[in-house]
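Since the structure comes first, as structure tokens, the remarks are kept for the end.
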There are 2 protein chains.
Amino acid sequence: MERRATIKDVAEAAGVGVATVSRVLSGGSASPATRERVLAVAAQLDYRPSALGRNLRQRRTGGMGLLVPDLTDTFYGQLAEGVLACARSAGEPVVLGSTGGDPEQEADLIGMLLEQSVDRLIAVPSGDAETWAPAIRAGMTVIFADRLPVQSSHEDVGAAAIADLMALDGLSPAPQTRPLDVPAVLADDRAGIRTAVRYLRGLGHRRIAFLGGPGHDRRVAAFREAVGSPVDEELVVFGTGSRDSAYAAASGLFQTRPDLSAVVAGGNVLGEAAVLAARELDLRVPRDVSLVMYDDVPWAELCAPPLTVIAQPGRDMGYRAAELVLRAGARRPRSVILPTELVIRGSCGPRR
Amino acid sequence: MERRATIKDVAEAAGVGVATVSRVLSGGSASPATRERVLAVAAQLDYRPSALGRNLRQRRTGGMGLLVPDLTDTFYGQLAEGVLACARSAGEPVVLGSTGGDPEQEADLIGMLLEQSVDRLIAVPSGDAETWAPAIRAGMTVIFADRLPVQSSHEDVGAAAIADLMALDGLSPAPQTRPLDVPAVLADDRAGIRTAVRYLRGLGHRRIAFLGGPGHDRRVAAFREAVGSPVDEELVVFGTGSRDSAYAAASGLFQTRPDLSAVVAGGNVLGEAAVLAARELDLRVPRDVSLVMYDDVPWAELCAPPLTVIAQPGRDMGYRAAELVLRAGARRPRSVILPTELVIRGSCGPRR
DNA sequence: CACTCACGTGGATACGTTTTCAAGCATCTC
DNA sequence: GAGATGCTTGAAAACGTATCCACGTGAGTG
């Protein structure tokens, strides 16, 4: 457990000043002769610059933070893998937090990251603009992934991202809004949901339900738009994020509206709940009810029948978000929307 | 984006020295009067001590590192959630790395953590003792979770943990071995596998296969022990960790040995592969082949039939590991073995 | 040849904190 | 009343690095 060599040791051994060593190792200019000598000595001493000293000097911790609601949710696992892959190839550390979907815990974790001087953050937000204000105010480079913060009445965090999205969606030009500069990496929920609904429509389904969870606002909106007015509000139900509540929501939906013939689950936890609830109520998939689930996960294929899903590239989303947050210089990065794909397996059939 | 207040600002505003502020905030002794004043000023200035300064001073980063092979594997997701839960309640950051089961990446990540001066680490190891030597040598407090490093010929990292385990298993007293002080948090693989094999035996199965992956050494050993000699070596096959290789292993197993009537999958990825391969080969579960899978995961219930599993408390394991690594003082913590439970669902039937 | 300019270099400083140390002061003891 | 004892306190040093700045040297230009 010997003490690690410091820059001072290297400087001494190489017969140069610490400034020179620092320059050589950070890619600054130096004469080829000294550069070579310094590098040789550094290698020989097995010198590795301490992140502590550097961080303090630069008043910022390298790497990035990552906040997700729940690592048990396979989609967030994929997202995290993407982020980690990018961070690893950049040699940057990532400090992870799991919010449990609770804005309060999220706020705590943001505070912790602030304390650590982590100034780059990728987040699947659970709180609203107020929760995110401290991070923005502190000058953090924040990138939202998978979703945007819920809109609170008088704030507009994410407004810039929304503007980006509208442009990308080919909607009306972004309204004049004070941009708060929080870009996002999202899946094309709108197209994904629309495709799924059309697919179900094509199979003859008319009473299609949406089973959502927290953060699925954009998906519900897309669902409403795809179904067209008037929307049967009883067919749009929500869980709170836990598996239990998802199950309760699904079960309740099936029981109060036995006339529904198809359901779109807004996430894999909801999809899981729908399968379970249907089985419990002796509803056969797809004979009695068709099911399409947002998120493609390995076990979707294991179900009987295998689940038809709206696949979103979780890993890519994480990777892209990490790229954005790392490359973010003076210029604020643009938001990104990644395509979804309807993967047709066996959980949807014609309306009987 | 105003500059954050430093301890100096607080000291000045409170009319005391910085040392006093530091003492008050770190729970040192101070007169009630000054303590109150300092706290008031600190609150008013919204002062939060910078982890950077503290870390540099103490030459160590707080919190802990966490290294897992793959967050896409639900079990490691559960494990990570446990670690994060404990860390969150302690207010400590955790920097996460995903090794992909590759010793080389693992070594890189260890190096990165060393550079960050992270001196506490929870790991599901992929490399051998040699990979872990740098961490140990640097004085890191390491706790292994879920498995131990593979034994390399001339080293004995984990020997201490093994000694602990033998004691816990009620085996012979630990042999005299130079302890390398790497404790572990493991599931009782031995009992879990034994119970599963006995269960299958009770159903009449005689040709039972084991489908393993990297890091399943203890499980294979337990399987061999439970099955009793002579072990039919063709019935013990391994994947390399990826889903593809797991599928290949499972499919190969089913095809080369159509006479087997039951299989024990060493992890949830392997179990998934077994279900898929069986379906592809038109083998019905449990009519043609019985299946029990290590790891309980939410989707085990979704399968048709629902999977009989050996449940291990992934979340608890993570939480316990985090507790151990945080509480680790001068005294090296003891290893912990957590119980498993055979959860009987519908994937096992009598031998036909 | 004098002057400028570019470049390589090292000393010094600052980053924000914890901890050591000695000094100041009040209380207690003989 | 003098000395010992305990507590509170602040100045200063240290942690390891990056960067500013000033200095010296060599080449290039008039």
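The values are calculated or read from the model by the stated rules, or taken from the named source; none is laboratory data. On a predicted model such as this, the values are computed, not experimentally measured, just so you know. Here the Cβ is made from the backbone with ideal geometry for all residues, glycine too, and neighbour counts use every protein chain on show.
Quick notes on this one:
- Residue count for region A:239-283, restricted to those that are at pLDDT below 95 and surrounded by 24 or more Cβ atoms within 10 Å (Cβ to Cβ): 0
- Every condition in (1) more than 12 Å from chain B (Cβ to nearest Cβ); (2) surrounded by 18 or more Cβ atoms within 10 Å (Cβ to Cβ); (3) more than 13 Å from A:Val185 (Cβ to Cβ) holds for A:Leu307 except the one numbered (1).
- When each of B:Glu81, B:Glu115 is tested for being touching a residue at least 40 places away in the same chain (Cβ under 8 Å) and within 8 Å of chain A (Cβ to nearest Cβ), the lone residue that passes is B:Glu81.
- Filter result for the condition that a residue is of a type outside the set (S, T, N, Q) and out of contact with any helix residue (DSSP H, G or I) (no Cβ under 9 Å at 6 or more places or on another chain), over A:Arg59, A:Arg54: A:Arg54
- Filter result (touching a residue at least 40 places away in the same chain (Cβ under 8 Å) and among the aliphatic types (A, V, I, L, M)) within region A:217-238: A:Val220
- Residues within region B:84-112 that are assigned to a loop (DSSP other than H, G, I, E, B) and either touching a residue at least 24 places away in the same chain (Cβ under 8 Å) or under 14 Å from the mean Cα position of the chain (by Cα) (or both), tallied: 6
- Selection from region B:227-275 of residues that are in contact with a strand residue (DSSP E or B) (Cβ under 8 Å, 6 or more places away or on another chain) and of a type in the set (S, T, N, Q): B:Ser261, B:Asn268
- Restricted to region B:6-79, the set of helices (runs of 4 or more DSSP H) holding at least 2 residues that are near DNA strand C (Cβ under 7 Å from one of its atoms) comprises B:7-14, B:18-25, B:51-58.
- Matching strands (runs of 3 or more DSSP E) fully within region A:266-352 where at least 3 residues are out of contact with any helix residue (DSSP H, G or I) (no Cβ under 6 Å at 6 or more places or on another chain): none
- Cβ-Cβ distances below 7 Å connect the following pairs, each with a first residue in region B:5-21 that is in contact (Cβ under 8 Å) with a residue 24 or more places away in the chain and within 14 Å of chain A (Cβ to nearest Cβ), a second residue that is hydroxyl-bearing (Ser, Thr, Tyr) and near DNA strand C (Cβ under 8 Å from one of its atoms), and a separation of six or more residues or different chains: B:Ala5/B:Tyr47; B:Ile7/B:Ser22.
- A residue that is more than 10 Å from DNA strand D (Cβ to nearest atom), out of contact with any helix residue (DSSP H, G or I) (no Cβ under 6 Å at 6 or more places or on another chain) and within 10 Å of chain A (Cβ to nearest Cβ) occurs nowhere in region B:22-43.
- Residue in region A:9-21 that is within 14 Å of DNA strand D (Cβ to nearest atom), at pLDDT 95 or above and in contact with a strand residue (DSSP E or B) (Cβ under 6 Å, 6 or more places away or on another chain) present: no
- Close pairs (6 angstrom Cβ cut-off, 6 or more residues apart or separate chains): within 8 Å of chain B (Cβ to nearest Cβ) in region A:48-65, part of a helix (DSSP H, G or I) anywhere: A:Arg48/B:Glu115; A:Ala51/B:Glu115; A:Leu52/B:Asn55; A:Leu52/B:Leu56; A:Asn55/B:Leu52; A:Leu56/B:Leu52; A:Leu56/B:Leu56; A:Thr61/A:Asn55
- Count - residues of region A:75-108 that are farther than 24 Å from A:Asp295 by Cα and among the acidic types (Asp, Glu): 3
- Checking each residue of region A:41-55 against the condition of being within 23 Å of A:Trp132 (Cβ to Cβ) and touching a Leu at 6+ places or on another chain (Cβ under 9 Å) gives no match.
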